[in-house]
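The values are calculated or read from the model by the stated rules, or taken from the named source; none is laboratory data. These numbers come from a predicted model, not from an experiment. Quick note on the areas: whole protein, heavy atoms, side chains included, nothing else; ligands and nucleic acids left out. Shrake-Rupley method; radii C 1.70, N 1.55, O 1.52, S 1.80 Å.
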Amino acid sequence: MKKIKLLFSALALLAGTTSAIAVNMQSAGSGILYDWIDWNGDTILWGVTKEQAQTFCAPSINVCLRAKNNVLIYTTGDLPW
């Protein structure tokens, strides 16, 4: 019984440590620059990161801008105009 408790304690420690490390790590792609387009296909921003492009969008749940070369990368919000 003590071995099982020790095993679960060790697993809990391992899970807690790995999740703390994962939360504190920045993604490797956070410095990648993209050109950003709106839904009409017009280029709005050139050569900025996703975090910088997000600052141009007013808070909302809608998709605001999309990366020109990858439609799976987008920002949320509404354009101010």
(request) Determine, yes or no, whether residue 36 is at pLDDT 90 or above, open to solvent by 60 Å² or more (accessible area, probe 1.4 Å) and assigned to a strand (DSSP E or B). (result) no
(request) Quickly run through the stretch 30-81 and pick out the residues that are among the β-branched types (Val, Ile, Thr) and within 16 Å of the chain's Cα centre (by Cα). (result) 32, 48, 49, 55, 61, 63, 71, 73, 75, 76
(message) I need a count of the residues in the stretch 1-33 that are in a helix (DSSP H, G or I) and modelled with pLDDT of 70 or more.
(response) 16
(request) Output yes when any residue across the stretch 48-59 is under 13 Å from residue 80 (Cα atoms), modelled with pLDDT under 90, part of a strand (DSSP E or B) and open to solvent by 40 Å² or more (accessible area, probe 1.4 Å), and no when none is. (result) yes
